[in-house]
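Note sheet for the following structure.
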Protein chains: 2
Amino acid sequence: MDKSLGICICENCDFRNVVFRYLDDENILRLCENKEERTYRKGEIINREGERITEFKYLKKGLVKIYRECKNGDEQVVTITRPFEFVSNISIFSDETYNYSVSALEDSTVCIVRLDFMKELFSGNVDLALGLLSRVAEVNEKIIRQSLDIRTRNLTGRVAYVLLYFSREIYNSRVFELPVSRKEIADFISMSTANVIRTLSELKRDDIVRTEGKMIEIIDFPKLEMISMRG
Amino acid sequence: MDKSLGICICENCDFRNVVFRYLDDENILRLCENKEERTYRKGEIINREGERITEFKYLKKGLVKIYRECKNGDEQVVTITRPFEFVSNISIFSDETYNYSVSALEDSTVCIVRLDFMKELFSGNVDLALGLLSRVAEVNEKIIRQSLDIRTRNLTGRVAYVLLYFSREIYNSRVFELPVSRKEIADFISMSTANVIRTLSELKRDDIVRTEGKMIEIIDFPKLEMISMRG
DNA sequence: CGCGGCTTTGATGTTCATCAAGTAAAGTGG
DNA sequence: CCACTTTACTTGATGAACATCAAAGCCGCG
């Protein structure tokens, strides 16, 4: 990256190596002038289901949940995801409106580019468009697998599965702070809040995990994996 | 379509208007020389989970189920789909091996192109690549929504949902022949075979559907929709 | 015929959601 | 900073939803 091009911070952005790796320096500059960086506080809504898509958004920093409203009023969590995974939204290339809502689970930074400017970039940069679309396809793949995995498991298996997901995919650590309430876990793995808590208590009783409020520590990894596999 | 170009049947293929709408006549001819049309009998396996992807395949005619093997040996059906929906596989742009198996539910015709030739076409035809990828994204979208829908419903709601799916999306008719066994329905909507049958019997008893072997007739559409919604 | 696979139904027990009641924690306003 | 309110969490008890098992009927195919 030629620093002489200017002070534009986009050229140093981590995303340069992911979604925008195919842009040349001139277009990076143009992108930089057209982008807007917005921060969302924990709990704030980034996209709302049903709204028209006018911007391309990707998560630079933070953690978000993608979810949809059920008929009866409460939420169904589609997935919970880190930067590089959440590329604008699942629907950007196929639909005109958001299929899902997105909200921030941690304070999050989102980079925003008007959709028509993105399309302008696409027309001159095929690889960019292809790269982004493949990314979307990959993300979708993951979501499908996750949903199928959840459907095959019983309650204990689901809780074990989601704990392993947080530990391995989100925090990369045996011990972490849950970014969501018990109810949100329930909405994620399609079970009742009471039973999520009950199952956690059992895992605690059996010395497989340790919990203290939102803090989770996985003590017996192999056993938890076994429960996730067989359940 | 200039008929003078030759006898190549590709130029008249229905797919010309879908995935290959962006190819010019010269490339359609090249495609035609490189493609292979294969037919699969009902029950035959088209792709097998875990195998290396070396060919681009799309369904021209017939009906297929996409599924994966569970740890305990039996199957989980990801979705059931018609031509234009089944584009090669969900995994073709992101993975090197198939994530799911695909088998024919009816006698089916599949058009096959070597993957490296496809990539060659891509490099010269951006719109083709984009079109295909968007298609994959769309298909994935549908699968995600379906899986989420199934997860929110109770048994009766699931059976109603799947009957409506067959009626509306697959057969476009109030009366149709089920292309799958009761067990396969069960594997699709994550419930036991016995309960699928039991639920069908109840819908029959309540004069909402009529069944005779594989034949299904939806008698009370509104009521079935209500069950699918509330369940 | 007779065998094997798919279907159907009933009976049984397990798994799970729901309800209720209680406790801890986290905001909120004075 | 404390009293108050609200929201999240926890646990037990209950009944409903569901899977599993078993036995019987059906149907196609050798």
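Coordinate-derived values only; no laboratory data. Everything quoted here is computed from the prediction, not taken from an experiment. So basically every Cβ, Gly included, is an ideal-geometry build from the backbone, and we count neighbours across all protein chains shown.
Given +1 on the Cβ of Lys and Arg, -1 on the Cβ of Asp and Glu, and no further charges, what dipole in debye does region A:16-119 carry about its Cα centre, rounded to the nearest 20?
200 debye
Find the all-direction average of the projected area of the Cα convex hull for chain A, expressing the result in square nanometres with one decimal place.
Values: hull surface 54.0 nm².
Quarter of the Cα hull surface area: 13.5 nm².
If amide hydrogens are placed 1.01 Å from N in the peptide plane, which non-local residues have theirs closer than 5 Å to the one on residue B:99?
The answer is B:50, B:91.
Could you tell me which of rounded, prolate or oblate describes the protein assembly as shown, using a ≥ b ≥ c as the square roots of the eigenvalues of the alpha-carbon gyration tensor, with rounded for a/c under 1.5 and, failing that, prolate when a/b is larger than b/c and oblate otherwise? Write down the numbers at each step before the final one.
Working: a/c = 1.78, a/b = 1.01, b/c = 1.77.
The shape class here is oblate.
Sequence gap at least 6, Cα distance under 8 Å: using those rules, report the relative contact order of region B:153-230 to the nearest whole percent. Could the numbers behind the result be given before it?
Numbers: 84 pairs, mean separation 32.4, N = 78.
Relative contact order, region B:153-230: 41 percent.
Test of understanding: in a Gaussian network model of chain B with alpha carbons linked when under 10 Å, which of B:65, B:119, B:35 would top the mean-square fluctuation ranking?
B:119
Got a sec to turn the phi values of region B:110-118 into Karplus ³J(HN,Hα) couplings, 6.51 cos²θ - 1.76 cosθ + 1.60 with θ = phi - 60°, whole Hz, x for Gly and Pro?
For region B:110-118, the Karplus-derived couplings read 10, 9, 10, 10, 4, 5, 5, 5, 4 Hz, x marking Gly and Pro.
Using every alpha carbon pair in region B:28-143, what percent of pairs falls into each 5 Å bin from 0 up to the bin containing the largest distance?
Result returned by the calculation: 2, 11, 21, 26, 21, 12, 4, 2, 1, 0.
Can you give the angle from 0 to 90° between the axis of helix B:193-205 and the longest principal axis of chain B, with both taken from C-alpha atoms, to the nearest 10?
Once rounded, the angle reads 70 degrees.
Which of B:43, B:53, B:133 sits closest to the plus end of the dipole of chain B, meaning its Cα is farthest towards the positive end, when Lys and Arg get +1 and Asp and Glu get -1 on the C-beta?
Farthest along the dipole direction, towards plus: B:43.
Give the long-range amide H neighbours of residue B:79: residues separated by 5 or more places, or on another chain, with amide H under 5 Å away, using H modelled in the peptide plane at 1.01 Å from N.
Here B:66 satisfy the definition.
So what's region B:120-231 giving for Rg/Rh, alpha carbon basis, Kirkwood Rh from the mean inverse pair distance?
That ratio is 1.12, to two decimals.
Starting from the Cα-Cα distance between residue A:71 and residue A:119, subtract it from 0.36 nm times their residue separation and give me the gain in nm to one decimal.
Details: separation 48, 0.36 × 48 = 17.28 nm, distance 3.45 nm.
Contour length minus Cα-Cα distance gives 13.8 nm.
Can you give me the relative contact order of chain B as a percent, contacts being Cα pairs under 8 Å and 6 or more apart?
Details: 357 pairs, mean separation 44.6, N = 231.
Relative contact order here is 19 percent.
If you put +1 on each Lys and Arg Cβ and -1 on each Asp and Glu Cβ, how big is the dipole of the protein assembly as shown around its Cα centre, in Debye rounded to 20?
With only Lys, Arg, Asp and Glu charged at Cβ, the dipole is about 1620 debye.
Under a 5 Å amide H to amide H cut-off, with H placed in plane at 1.01 Å, what residues pair with residue A:42 once short-range neighbours are removed?
A:107, A:108
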